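The values are calculated or read from the model by the stated rules, or taken from the named source; none is laboratory data. Here the structure is a predicted model, which means the values were calculated and not measured. Backbone-built Cβ (ideal geometry, glycine too); neighbour counts: all protein chains shown. Accessible surface is based on the protein model in full, side chains and every heavy atom, while ligands, DNA and RNA are left aside. Shrake-Rupley method; radii C 1.70, N 1.55, O 1.52, S 1.80 Å.
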Amino acid sequence: MRIDTPTEADIPDLARVHVQSWQATYAGLLDAAYLAGLSVEERSLSWQRILAAGESTTWVARDDAGRVQAFLSHGPSRDRDAPADRGEIWALYAHPAAWGRGAGRALMDCALQALRAQGLASVGLWVLRGNQRGIRFYEAAGFVEVPGSLQRFELGGRPVEEVAMLHFLPPG
């Protein structure tokens, strides 16, 4: 896997990976009709806006043919009470065919290195409570659940819960 930043030409692949990852990851956690209705075309428009806005940094993992297999976006923490020296993993998704092949780990390593280089002391993220695969991945990467961080909201017509996880970066 090669890690680099996406270009506008990667938007269709980013959208495909995003939609198919959601459909596999959240099966059983979110409404099946909601997941089936996710649109690569709509997600492509979202990715155009995301890349144009430049509010986060996005990394992609490419296969040998150069196709995007996974992506990670990070930026400043969006939590109201977060210290100024905390970053956040905004999104990490891999195509199901790439699961277990090291793309997510390579992306996480890249992001943590970049955030540490920015002088940040910690990195947070939010994960759906029932996403056991994701929680195990984050724990293996050094994240721990933040006690009392449970948030409840509705997503795709179903109530969901997510918890915050936190990783402390070693000093520069």
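The residue that is farthest from Gly100 (Cα to Cα), among those in the stretch 121-142 that are in contact (Cβ under 8 Å) with a residue 60 or more places away in the chain and not aliphatic (A, V, I, L, M), is Gly130. If you check Pro96 against the conditions, is it surrounded by fewer than 17 Cβ atoms within 10 Å (Cβ to Cβ), within 18 Å of Ala15 (Cα to Cα) and not polar (S, T, N, Q)? Here the answer is yes, as Pro96 does meet what is asked. Considering Val68, Val40, Val60, the condition of being open to solvent by 40 Å² or more (accessible area, probe 1.4 Å), under 27 Å from Met1 (Cα atoms) and in contact (Cβ under 8 Å) with a residue 24 or more places away in the chain is satisfied by Val40 alone. With a requirement of 1 or more residues that are of a type in the set (Ser, Thr, Tyr), the strands (runs of 3 or more DSSP E) lying completely within the stretch 119-172 that satisfy it span 122-128. Restricting the stretch 143-172 to residues that are of a type in the set (Gly, Ala, Ser), touching a residue at least 24 places away in the same chain (Cβ under 8 Å) and surrounded by 12 or more Cβ atoms within 10 Å (Cβ to Cβ), the residue that is farthest from Tyr26 (Cα to Cα) is Ala164. No other residue among Trp90, Trp99 is out of contact with any Lys or Arg (no Cβ under 6 Å at 6 or more places or on another chain) and under 17 Å from Glu162 (Cβ atoms) apart from Trp90.
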